[in-house]
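Here's the structure, in structure tokens; my notes come after.
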Amino acid sequence: MSLRDYVDALDADATPGLSVEIDREKAVALAVFLIPGMTLFGIFSVGPIVYSAVGSFFSWDAFSMQQFTGLENWIRTFRDPLIINWENLRRWRFPMGALAQNLLWVVLHVPISTVLGLAMALLFADLRGRRILRSMVFLGFTVPTIVIGLVLLFIYDPQAGVFNELLRVIGMEHQVRNWTQSPQVAIYALIAGGIWVQTGFNMLLYSSALAAIDPSLIESAKIDGAGPYRRFRDIIWPLVRPVTAVVVIMGIIWVLRVFDIVYAAGGSAGGPNHAYSVLGIEVYRAAFEPPIDYGKAMVVALVQLVIVAPLAAYIARMG
Amino acid sequence: MSDSDDPFEPRRPGTDPERESDGRGYLSVDEIPETAPARELDWATRLANATPSLPRLLKYAIAITVAVLWIVPFLGLFMASLRPLNEIIQGWWHLEGMTLTLENYQQAWTYRTAPMRRALINTLIVTVPAVLVVMLLGAMAAYPFARFEFPLKTTLFFLILLVMAAPPELVAMGNYNTLREVGLFDTYMGLILVHIGWGLGWVVLFLRNYLLGIPKELEEAARIDGASRYQIFRTIILPLSTPALVSVAVIQFTWVWNAFFFPLVFMRSPELYLAPQVLPLMRGRIQVEWGLVAAGSVMTMIVPVLLFLTLERYYKQGMVAAVTD
């Protein structure tokens, strides 16, 4: 095919002037639709992320960027005992550092709330009034998380707290304490609170996955003599497994962002002697409470993103 | 109990309201049999079928116990908000000699550092524009994402996913400096803009996924009739995406109303404090003022909770779609 043929083919393709016209009209329309939203998105979301990514390699004088210092902020942050306290980690004593404590959240919170969410979805699946039951369990997820934190503070109070009353009733009087202010156990008490909230969300996702299963599949398995366990393993589980990936990843994202609950219980210090501080708390303290250390704040916030980003990419590829 | 309202399940054929209202669901006159249909089962069998078996009863008992257990903390909070401090310290679960009082609400309403009266209005001033603007701009941006090819589409898409994964703390430092430079720090407008920029990511993605599920034929027909892209957007795309827009409104409203971190960073004057920001201040120094904290919490959470209860269907469907699509 010579160049001549190619050009002829182009000419034959509709009236030339009109197609340019259409393209310009389309370009204007695209700009009108996209620019307002994407400008705000760029200035207030993408911009600050890039700013943090760049700024993490510079030294800072309060809020203004100074000179390029390479990995200095990163090395300093990872050596900071507030982020990882290797010595306490080895002896399993809190504070172990915000990164270690945040990962402890992930390890406990995510599996437990996933299993509980699935169990509840299965429990409620064929009951009358399941809508009300589900809404009761889900309610906590719609409440401001700062209120959740304050409610936890209230539940675990030594006098007024219902949890300590429960301990007294079952005869474990010696265990009664102010759970959110006892350094060695407070983090577990708060994680239990996180599970309490997240289970509702996980149950919701599993419920919608269960509702999509064709009931005749289960019926025929019943007729074939499959017991509840076999029915779960061979029919229900394979069909809800894709949702489990979403549940686990959303759980990890939620946990790495946890801030309000910890702030309500322990203030911006993250508990007595930072005993249950998490990454978000460290960012806040480094960036907005004197002595201001923007470089460290940016590194810690980026660590949060780096842990989550591959998981989010996985979700995106699935969808 | 109408189980057919379950948002995840298709309506059963017999309960289709349209079919019943236009009469097509009924038999025609010549189909009506001479005699009433005989009962297929006698009443004893029917009763036995209707009564749940023992394992099933047990299942109900467990389910109800679990659900009640799950809201006990909120019951406690509500009780505490209505009782004087000395009774709360004795335990809100002791019901004998209970005094009900609105004292706590009054105190919270006029709380000296930052009265809830002011804080709730502030929260509303920030939330309403942040929701409306995100809906409009989000729908506008989602339309090209769902229908056209354009340069940088993949890049923008990737950036949206990146922002959705990012923690809010990551954008706080940059936005703090931006708002200070343009003089919007510690203003309603500054916080509203931050919320809009933060919310646009998920809203664009959510609405794009919804629009991909709407057939293109209507738009093509309108295009042949000479409608411009703007007319198509206004008269076809927007009306068709109403359910998705309601979901966006409910979820975004709840997110902005409940947000604690952004107000904490960007609102510094007590007269501009938002409601969630005021609550931890109410704890006091030595003895926690449980009644005050509880009353403030109830006032703050009642708005998203009522919104959830009235628009539950949209909320749940939106939540599921937002994370699984």
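The values are calculated or read from the model by the stated rules, or taken from the named source; none is laboratory data. Note that the structure is predicted; figures quoted are calculated from it, not measured. With ideal geometry, Cβ positions are generated from the backbone for all residues, glycine too; neighbour counts draw on all protein chains shown.
Is there a residue in the range B:296-303 that is surrounded by fewer than 16 Cβ atoms within 10 Å (Cβ to Cβ), outside any loop (DSSP other than H, G, I, E, B), out of contact with any Gly (no Cβ under 7 Å at 6 or more places or on another chain) and β-branched (Val, Ile, Thr)? Show your work before the answer.
Of the range B:296-303, the ones surrounded by fewer than 16 Cβ atoms within 10 Å (Cβ to Cβ) are B:302.
Keeping just the survivors that are outside any loop (DSSP other than H, G, I, E, B) gives B:302.
From what is left, the residues that are out of contact with any Gly (no Cβ under 7 Å at 6 or more places or on another chain) are B:302.
From the residues that got through so far, the ones that are β-branched (Val, Ile, Thr) too are B:302.
Yes.
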message: Please list, ordered by residue number, the helices (runs of 4 or more DSSP H) wholly in the range A:110-194 having 3 or more residues that are at pLDDT 95 or above.
response: A:145-155
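Give the residues of the range B:214-254 that are outside any helix (DSSP H, G or I) and over 23 Å from the mean Cα position of the chain (by Cα), sorted by residue number. Reasoning before the result, please.
If we filter the range B:214-254 for residues that are outside any helix (DSSP H, G or I), which is where we start, we get B:214-216, B:225-228, B:241.
Once the filter is applied, which keeps residues that are outside any helix (DSSP H, G or I) and over 23 Å from the mean Cα position of the chain (by Cα), the range B:214-254 yields B:214, B:215, B:216, B:225, B:226, B:227, B:228.
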query: Does residue B:66 count as buried (at least 18 other Cβ atoms within 10 Å of the Cβ), in the same structural domain as residue B:262 (by TED's automatic domain parsing) and not hydroxyl-bearing (Ser, Thr, Tyr)?
result: no
- request: Residue by residue through the range B:77-124, note down the ones that are under 21 Å from residue A:158 (Cβ atoms), part of a helix (DSSP H, G or I) and of a type in the set (D, E, K, R).
  value: B:87
query: Of the residues that make up the range A:203-221, is at least one touching a Gly at 6+ places or on another chain (Cβ under 8 Å), more than 22 Å from residue B:253 (Cα to Cα) and among the acidic types (Asp, Glu)?
result: no
statement: In the range B:60-98, anything more than 9 Å from every other protein chain (Cβ to nearest Cβ) and at positive phi is listed as B:97
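Can you pull out the residues in the range B:110-148 that are of a type in the set (Val, Ile, Thr) and either farther than 13 Å from residue B:193 by Cα or outside the structural domain of residue B:258 (by TED's automatic domain parsing) (or both)? Full working, then the answer.
Quick first cut of the range B:110-148, residues of a type in the set (Val, Ile, Thr) only: B:110, B:113, B:121, B:123, B:125-128, B:131, B:133-134.
Residues satisfying the conditions are B:110, B:113, B:121, B:123.
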statement: Across (1) assigned to a helix (DSSP H, G or I); (2) more than 10 Å from chain B (Cβ to nearest Cβ); (3) touching a residue at least 12 places away in the same chain (Cβ under 8 Å), residue A:282 clears everything bar (2)
All positions within the range B:133-173 that are at the interface with another protein chain (Cβ under 7 Å from one of its Cβ atoms) and more than 26 Å from the chain's Cα centre (by Cα): B:144, B:148, B:150, B:156, B:173
message: It is to be established whether one or more residues within the range A:145-161 are surrounded by fewer than 18 Cβ atoms within 10 Å (Cβ to Cβ) and more than 24 Å from residue A:132 (Cα to Cα).
response: yes
task: Spot the failing condition for residue B:213; the list is (1) more than 9 Å from chain A (Cβ to nearest Cβ); (2) surrounded by 19 or more Cβ atoms within 10 Å (Cβ to Cβ), and only one is missed.
output: (2)
statement: So, first residue over 26 Å from residue B:323 (Cβ atoms) in the range A:228-244, second residue part of a helix (DSSP H, G or I), Cβ within less than 8 Å, six or more apart or across chains; the pairs are A:230/A:221; A:231/A:218; A:231/A:221; A:231/A:222; A:234/A:221
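Would you check which residues across the range A:117-126 are of a type outside the set (Phe, Trp, Tyr) and crowded, with 21+ Cβ neighbours inside 10 Å and list them? I'd like the intermediate steps shown before the answer.
Just the residues of the range A:117-126 that are of a type outside the set (Phe, Trp, Tyr), to begin with: A:117-123, A:125-126.
Once the filter is applied, which keeps residues that are of a type outside the set (Phe, Trp, Tyr) and crowded, with 21+ Cβ neighbours inside 10 Å, the range A:117-126 yields A:117, A:118, A:120, A:121.
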message: For the range A:171-181, check the following and say yes or no: at least one residue is among the basic types (Lys, Arg), within 22 Å of residue B:89 (Cβ to Cβ) and in contact (Cβ under 8 Å) with a residue 12 or more places away in the chain.
response: yes
